[in-house]
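*Asks:* Take a look at this one; I'll ask things after.
The values are calculated or read from the model by the stated rules, or taken from the named source; none is laboratory data. The structure displayed is predicted, hence computed values, not measured ones. Virtual Cβ from ideal backbone geometry, glycine too; neighbours counted across all protein chains shown.
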Amino acid sequence: MRKILLPLLFICVVFPILAKAEPVTDETLDKLLMLSGLPEQFADYPAAEKAAMEPFPAVKGATEIDVAVFEAYKSAIEEEIKPDFMLSVIREELKAAIQQSEAVKVIEWLESDLGKKFTMAEINATKNMMEDQPFMHIPEILQNTDNVEFAKSVNEAINGTEVFTKTMGIQLTTQMYFMETVKHPESVGGPEDFKKKLNLKSMVSEDMATQMAVLSFAYTYEGIDAEDKEKYLDFMNTPEAKTYQDAVSKGLISALNRCYDNLLKNFAKRVREKEL
């Protein structure tokens, strides 16, 4: 009798829970992404990538071949770094991970005055990082020790170190392949072979990624008062916020991997076709 009752008890307890796990609707997903600030943050991503390389053609001693390589890289960025595609990958991850009830709670936060304040801080920080070069102001950022401690808490809440380790690895690989192509366009080889030779773990340590993450969060949220920061941390540690953030992070890494893989392949093809 006991063997029969246990499965019945399991069904009675678990089935109502599963039945309440309503899949997120497309309408809710669209609203969630619209309010997240991600479309605004991604909009300038291709321009930022190109701007990072803009000083290169003016470097003393740059040859016509160097400039041609740079132009090939810019063209590859325009074709492969697509904000809409990146958002679509994140949307796929959210659709697979978050339930309707969880998405609604995240939307409630994003629609609140406090949620809007943090979202706007993130949008502004993304734009300012392209113009202000915030890491030139590291001593100033570190002087605000309370804000740095808050940034550490944010990093822990969203597993920022892992995200920064992976994203920094992707971008570092791309930059190194570009520079190697500039130096040895005739012998650099394809991006896949190049990546196999790299030891990213030795170049992007966990400590380095943590420092970059903390500095980034400290810069982003510097102007927000302590009470609001506490409320933000309370929200970020809720189950629904963690589900949301984990899906966004996973989608971001997947999108960057795919975009930058395509960028390197596109760039390598252009270099070969031009016979630089």
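*Asks:* Could we say that Ser254 is among the hydroxyl-bearing types (Ser, Thr, Tyr) and closer than 30 Å to Glu149 by Cβ here? So that I can check it myself, show each step before the final result.
*Replies:* Working: among the hydroxyl-bearing types (Ser, Thr, Tyr): yes; closer than 30 Å to Glu149 by Cβ: no.
When the stated conditions are applied, Ser254 does not pass them.
Yes or no, residue by residue, for (1) closer than 19 Å to Tyr45 by Cα; (2) modelled with pLDDT under 90; (3) among the hydroxyl-bearing types (Ser, Thr, Tyr):
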position	(1), (2), (3)
Met130	yes, yes, no
Gln133	yes, yes, no
Ile158	no, no, no
Glu162	no, no, no
Thr174	yes, yes, yes
Phe178	yes, yes, no
Pro191	no, yes, no
Leu200	no, yes, no
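*Asks:* If you scan segment 163-185, which residues turn out to be without any contact (Cβ under 8 Å) to a residue 24 or more places away in the chain and in a helix (DSSP H, G or I)?
*Replies:* Let us first name the residues in segment 163-185 that are without any contact (Cβ under 8 Å) to a residue 24 or more places away in the chain, namely 175-176, 179-180, 183-184.
Residues satisfying the conditions are Gln175, Met176, Met179, Glu180, Lys183.
*Asks:* What single numbered condition from (1) in a loop (DSSP other than H, G, I, E, B); (2) modelled with pLDDT under 90 fails to hold for Glu222?
*Replies:* Going through the list (1) in a loop (DSSP other than H, G, I, E, B); (2) modelled with pLDDT under 90, Glu222 breaks only (2).
*Asks:* Still on this structure: Output the residues belonging to segment 95-131 that are outside any helix (DSSP H, G or I) and crowded, with 18+ Cβ neighbours inside 10 Å.
*Replies:* The first filter runs over segment 95-131 and keeps only residues outside any helix (DSSP H, G or I), leaving 98-99, 112.
Passing the criteria: only Ile98.
So that you can scan it fast, the table gives a plain yes or no per residue for (1) surrounded by 16 or more Cβ atoms within 10 Å (Cβ to Cβ); (2) in contact with a Ser or Thr (Cβ under 6 Å, 6 or more places away or on another chain); (3) farther than 24 Å from Glu222 by Cβ:
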| residue | (1), (2), (3) |
| --- | --- |
| Thr243 | yes, no, yes |
| Val248 | yes, no, no |
| Tyr260 | yes, yes, yes |
| Leu264 | yes, no, yes |
| Arg272 | no, no, yes |
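*Asks:* Can you tell me which residues in segment 142-192 are loosely packed, with under 14 Cβ neighbours inside 10 Å and acidic (Asp, Glu)?
*Replies:* Correct list: Asp146, Glu149, Glu186, Glu192.
*Asks:* Here is a further query. Out of the residues in segment 16-48 that are aliphatic (A, V, I, L, M) and in a loop (DSSP other than H, G, I, E, B), which is modelled with the lowest pLDDT?
*Replies:* This residue is Ala21.
*Asks:* Then there's this: Can you tell me which residues in segment 85-94 are more than 13 Å from the chain's Cα centre (by Cα) and buried (at least 17 other Cβ atoms within 10 Å of the Cβ)?
*Replies:* Arg91, Glu93, Leu94
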